[in-house]
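Student: One structure, as structure tokens, below. Some questions next.
The values are calculated or read from the model by the stated rules, or taken from the named source; none is laboratory data. Since we're looking at a predicted model, the values are computed, not measured. Methodologically, a virtual Cβ is constructed for each residue, glycine included, from the backbone with ideal geometry; neighbour enumeration extends over all protein chains shown.
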Amino acid sequence: MGTYSFLFCLAVLTVTVSGCPVGREFITAFMTNYQYGKASLSVSITAQNAPATVKIEIKALSYSETVSIGRGETRKVILPQNAEIEGDGTFRKTVYISSNADITVASANLKEFTGDTTVLLPVNELGKRYVVFTPNTGPSPYKKEIAIINGNSQNTISILSGKKNLWTLFFGRTKTITLAPYEVYLQRSADTLTGMQITSKFPVAVLAGHECSMIVGTCEHIFEQLVPVESLSNEYLIPAMHQSSSQDKAYVVAPDDNTVVSIFTRHSYYSTKRNLNAGEVYAVDVSNNAAMIRSNKKVMVMYLSSNYPNDEFLTNLIPTSEMSKSWTIHPQDGFDSTVVVVAEAASASSISGSFKWKKFTANEKFVWANRPLGLQKGPITISGNSLMAVYVFGGKVRHGYGSTGVCNTGFTQTPVPVDPCENVKCRQQEVCKKGVCVPTATVTCHAVGDPHYKTFDGKLFDFQGTCTYVMVNNTKIQNGLTPFTILAKNNNRGSKRVAYVRMVSVLVYNHEVVVGGKKGVVEIDGENAYLPLTIDGGKIKVNQRGWNVIISTDFGLEVTYDWNMMLYITAPNSYFQTVGGLCGNYNGDQKDEYVDPKGKVLTNIIDFAKSWKFPDNDLFCTDECNGECPSCSPNLQEEYRKETNCGVMTKKDGPFAVCHNTVDPQMYVDNCVYDVCINNGRRNFLCNNIQSYVGACMSAGIKIVGNWRTDANCPLDCPVNMHYEACGTACAASCADQNAPNKCTVPCVEGCQCNAGTCQAAGDPHYRTFDGKAFDFQGTCTYYLSKLINTADPSLVPFEVLVKNENRGRNMAVSFTKTVSLTVYGHTIVLSKDDPGKVKVNNLFVNLPFEQEEGRFSIFYSGFSGVVKTDFDLTLNFNWESHVELKLPSTYSGEVGGLCGNWNNNANDDFLTPAKTPAATPTIFGSSWKVKNDPACSDECQGNACPKCDGPAKNLVTFTKPCSMITDKQGPFKDCHIKVNPNQFYEDCLYDMCMYNGHSTALCGALTAYTAACQKALGTVESWRTNNFCR
């Protein structure tokens, strides 16, 4: 991979800086990013003064890769996904990097919507003493975390807690651990770890950060490799990286007592002083103004930014003593990035790149500047005759990252190559890049509502014809431009006064793609097909994103239709002055928009539209409203323009205010008022128009914070096994690409997203299938909870989950889950009430956390439960008491059977037996999935032991009062009600309490089951256990 540079001189310049992280050995690890699994883990390695042969190893995963890197070149190496660490404790997942020549290394831990990068220190620059900083941010349940990575010697490490609490009061503040060579110790905490001090016998590497930190909006995984105390400094220049509405702070952390810190934000003679003891931290707001930090002792300074409108980042700050004349930065692919440079004022002009320098008012010998990089890929070298510090940060919708640059020990600048565009002539609206003409932008035409048209040139008009019309067609064929035609068929709905887009046809590359009224289905060349689709090797792609179907081509055409009433056509501006249709002639002039196919300018909208009519088989379609044209009185227009109706889109403190500066809402309000008025105030037309505005905002990269549907009274019900997300992935998983969400690069979309299939058994036991069917079954034998039925699909890994139930105490009427086992990849994993807190793998107890050697599954603690997670996203959770939960990826939908049902989105046929016949009762259904007859087991209650807790029996106040803790709107679960409906859990609680005559264990089990469901849904649960209740 080549290196880009901002320096265009021809000289050879060599720079030597002692603090550059250059070496031949590196160690690191990857902490938990958001939720365990499906990470994109990588290291970017740059060879310095000579070609390098580099070996990357993770011995615990039997992973080894050797790469050759040319002098000055950078190579990105993708590591196994299961190198990510989950859980607390000691692991063997150290990444060891060795080279035969000097290199620098940066690491990245990226997932869908979350990730960060850091520059690694070589082994020769690691230390024996560190002070920790972790952002003290939310949300629950995500934790602050540190990782201590050991080198090649047995090591003893002391960890001194930076915070006094009950734990440190009883057990002391110091914890000592022993690490074998190349082991990693990971510690996570809901409380801040800031101020923690780490000392070791031999040098170690330390990472610190947060699983998913949230300042505003959504959360982001952030982390940095910490600098050893001995390498810290006492002077730092802090640029204001954003100078916008972003919340940026620099955190000064003192390793030693009696540290006096001076903060300069205005002039060198005026400062704010703070006295800090070891482990204490002071925050300096740099959202708008740069600052300078000086101290009498060494301090660590970290920069934390909300990175608005994107997600957070965390980075070290470079002290003035470690400035260099040459740096390399690594912008992340697909991110809108910015480089920030702090430099000596006297020589800053030697740094090419059109920087707009601003002086540090606290120290005018230095200046700073930031420069947008856009989507430019790295690595990028920034060099000059000035000492400088360099940072890079960036973001896109629901993503963010930030890092220091990597200073170079030397570099060679080669002559600028011949411009390949020197003799290339492009069309209007195009530019030459790398010898090829490419469009500079895109333009969009739309027909929305009933329908309101907007041409490529921006002209607005309404037209109520119900025939088929050409939206866009090539009127001037030119070499290099692919011809295409887009048709729209309209129809009346309810009122004959107005029309809506009913069908869209795209004709391109000798194919016809037709989208009608059936969601999820399109017609390709006369044949029905299901999404997603790829045609002619990728020339045409058809996908569903949120509410919409997207038809896209390899030359940049994109057609978006919501299967209802909203059509958007986006084309590259290479087609300037070459098209016609209802989208206009696209020549930059709105005055001559009504042009017919022969080029004649018309004055009447109806005549214009009729000239672009396309033959169809509708004998009764019309081009005008035939004397019934819609109208709306001024009084009604005023009413529907109020903030309680369509005007909510323009409300200055409303949910859409964040988008106003990017997408003007006025057109959407006008359309909304028109549609709602002529449709007699029907709310769904208001909601459809707001949804159109939300879609435009999100396409522009603006996140609408909060739930606008609640504020605007536009509720939405999703189909079974789906849930609403205001900002969900635009790339749904499919059989063709199960990993599509992780690779998605387009902005998020609003809509219904597929649930991961979840089935559970709780209490005595109450089963809930993948499709949501609830039933009770009291069998005490061993049963299939779920298993793969269709073993013919090689992409689906076979598995079996078994449950063994038992009676408890003297009550033979009910049973509880006693043992859960999972058989997968030839291994059997068993969790049993007989051995609480323990797990067997192939009949041998293992210590947790545990990872199978090839990384195919891992086992760890999560709260009170044990969790088994596979590399194909099966997750099994059991609390060693009575609550078991199984989660499967959506690729297993319709392919499984057992007590969890067949997961086909139809709860009515969940009681299918292995013979695929419906069972009349839960007992018959449960018995059909029996694996074996255990000693003295039965499939149903016996004689007088059968449950009699239906109706009035379970509604006694003795049971309803304690169980009402679940539904209490002021109780500990109140904030979870919106996430997980409490009613079924309340009914289960009543049943269990009745069956056990009000015994507290039944209540505790029911409360624990609802707590687990809330935490899985990221709902908030207040403390409800006490020393005397449910301990």
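Student: Of all the residues that make up the range 305-316, how many are touching a Phe, Trp or Tyr at 6+ places or on another chain (Cβ under 8 Å) and surrounded by 24 or more Cβ atoms within 10 Å (Cβ to Cβ)?
Tutor: 6
Student: Next up: Among residues belonging to the range 1-45 that are modelled with pLDDT of 60 or more and β-branched (V, I, T), point out the one that is farthest from the chain's Cα centre (by Cα).
Tutor: V22
Student: Taking the range 484-540 only, how many residues are at pLDDT 90 or above, crowded, with 18+ Cβ neighbours inside 10 Å and among the basic types (K, R)?
Tutor: 1
Student: Report every pair of residues separated by at least 6 positions or lying on different chains whose Cβ atoms are under 7 Å apart, first residue within the range 810-834 and on the phi < 0 side of the Ramachandran plot, second hydroxyl-bearing (S, T, Y) and modelled with pLDDT under 90.
Tutor: Close Cβ pairs (under 7 Å, with a partner that is hydroxyl-bearing (S, T, Y) and modelled with pLDDT under 90) amount to N811/Y996; S815/T780; F816/S882; T817/S882.
Student: How many residues are under 34 Å from the mean Cα position of the chain (by Cα), surrounded by fewer than 20 Cβ atoms within 10 Å (Cβ to Cβ) and part of a strand (DSSP E or B) if we restrict to the range 283-304?
Tutor: 2
Conditions (1) of a type outside the set (S, T, N, Q); (2) under 17 Å from L460 (Cβ atoms); (3) over 44 Å from the mean Cα position of the chain (by Cα); (4) not in a loop (DSSP other than H, G, I, E, B), marked per residue:
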position: T560; (1), (2), (3), (4): no, no, no, yes
position: P597; (1), (2), (3), (4): yes, no, yes, no
position: T603; (1), (2), (3), (4): no, yes, yes, no
position: F608; (1), (2), (3), (4): yes, yes, yes, yes
position: E624; (1), (2), (3), (4): yes, no, yes, no
position: T644; (1), (2), (3), (4): no, no, no, no
position: V658; (1), (2), (3), (4): yes, no, no, yes
position: Y668; (1), (2), (3), (4): yes, yes, no, yes
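Student: Does the range 603-611 contain at least one residue that is touching a residue at least 40 places away in the same chain (Cβ under 8 Å), out of contact with any His (no Cβ under 8 Å at 6 or more places or on another chain) and surrounded by fewer than 16 Cβ atoms within 10 Å (Cβ to Cβ)?
Tutor: Scanning the range 603-611, I find at least one residue that is touching a residue at least 40 places away in the same chain (Cβ under 8 Å), out of contact with any His (no Cβ under 8 Å at 6 or more places or on another chain) and surrounded by fewer than 16 Cβ atoms within 10 Å (Cβ to Cβ), so the answer is yes.
Student: Does D675 satisfy the criteria of being touching a Leu at 6+ places or on another chain (Cβ under 9 Å), assigned to a loop (DSSP other than H, G, I, E, B), in contact (Cβ under 8 Å) with a residue 12 or more places away in the chain and under 30 Å from I486 (Cα atoms)?
Tutor: No, not satisfied.
Student: Can I ask one more? Under 6 Å by Cβ, and 6 or more places apart or on different chains, what pairs join a residue from the range 642-657 that is modelled with pLDDT under 90 with one that is buried (at least 18 other Cβ atoms within 10 Å of the Cβ) and part of a helix (DSSP H, G or I)?
Tutor: So the pair list comes out as G654/V648; P655/W708.
Student: Out of L899, L874, I need the residue that is outside the structural domain of L186 (by TED's automatic domain parsing), surrounded by 15 or more Cβ atoms within 10 Å (Cβ to Cβ), in contact with a Pro (Cβ under 8 Å, 6 or more places away or on another chain) and not polar (S, T, N, Q). Which one?
Tutor: Only one candidate qualifies: L874.
Student: Would you check if there is a residue in the range 107-130 being at pLDDT 95 or above, surrounded by fewer than 18 Cβ atoms within 10 Å (Cβ to Cβ) and more than 19 Å from the chain's Cα centre (by Cα)?
Tutor: Scanning the range 107-130, I find at least one residue that is at pLDDT 95 or above, surrounded by fewer than 18 Cβ atoms within 10 Å (Cβ to Cβ) and more than 19 Å from the chain's Cα centre (by Cα), so the answer is yes.
Student: Any idea which residue in the range 131-154 is surrounded by the most Cβ atoms within 10 Å (Cβ to Cβ), counting only those that are among the β-branched types (V, I, T) and in a strand (DSSP E or B)?
Tutor: V131
Student: Let me ask something additional. Quickly run through the range 253-289 and pick out the residues that are of a type in the set (F, W, Y) and either more than 20 Å from T194 (Cβ to Cβ) or in contact with a helix residue (DSSP H, G or I) (Cβ under 9 Å, 6 or more places away or on another chain) (or both).
Tutor: Those that are of a type in the set (F, W, Y) and either more than 20 Å from T194 (Cβ to Cβ) or in contact with a helix residue (DSSP H, G or I) (Cβ under 9 Å, 6 or more places away or on another chain) (or both): F264, Y269, Y270.
Student: Go through the residues of the range 859-867 one by one and say whether even a single one is part of a loop (DSSP other than H, G, I, E, B) and free of Cβ contacts under 8 Å to residues at least 60 places away in the same chain.
Tutor: No, every residue in the range 859-867 fails to be part of a loop (DSSP other than H, G, I, E, B) and free of Cβ contacts under 8 Å to residues at least 60 places away in the same chain.
Student: May I pose another question? Strands (runs of 3 or more DSSP E) wholly in the range 420-485 with at least 1 residues that are small (G, A, S) and in the same structural domain as N564 (by TED's automatic domain parsing) - which ones?
Tutor: Per the criteria, 442-448.
Student: Could you say whether any residue in the range 857-864 is surrounded by fewer than 22 Cβ atoms within 10 Å (Cβ to Cβ) and closer than 27 Å to S795 by Cβ?
Tutor: Yes, the range 857-864 contains a residue that is surrounded by fewer than 22 Cβ atoms within 10 Å (Cβ to Cβ) and closer than 27 Å to S795 by Cβ.
Student: Does D988 qualify as being of a type outside the set (A, V, I, L, M, F, W, C) and touching a helix residue (DSSP H, G or I) at 6+ places or on another chain (Cβ under 7 Å)?
Tutor: Yes, satisfied.
Student: Quick check on this structure: which one of T650, T578 is farther than 18 Å from D450 by Cα, surrounded by 17 or more Cβ atoms within 10 Å (Cβ to Cβ) and in contact with a His (Cβ under 9 Å, 6 or more places away or on another chain)?
Tutor: Sole residue among the options that is farther than 18 Å from D450 by Cα, surrounded by 17 or more Cβ atoms within 10 Å (Cβ to Cβ) and in contact with a His (Cβ under 9 Å, 6 or more places away or on another chain): T650.
Student: Pick from V746, V803: which is of a type in the set (V, I, T), at pLDDT 85 or above and either under 20 Å from W880 (Cα atoms) or part of a loop (DSSP other than H, G, I, E, B) (or both)?
Tutor: The match here is V803.
Student: So, one more: Give, as residue ranges, the strands (runs of 3 or more DSSP E) completely inside the range 173-280 that count at least 2 residues that are small (G, A, S), under 30 Å from the mean Cα position of the chain (by Cα) and buried (at least 18 other Cβ atoms within 10 Å of the Cβ).
Tutor: Fully inside the range 173-280 and qualifying: 197-213.
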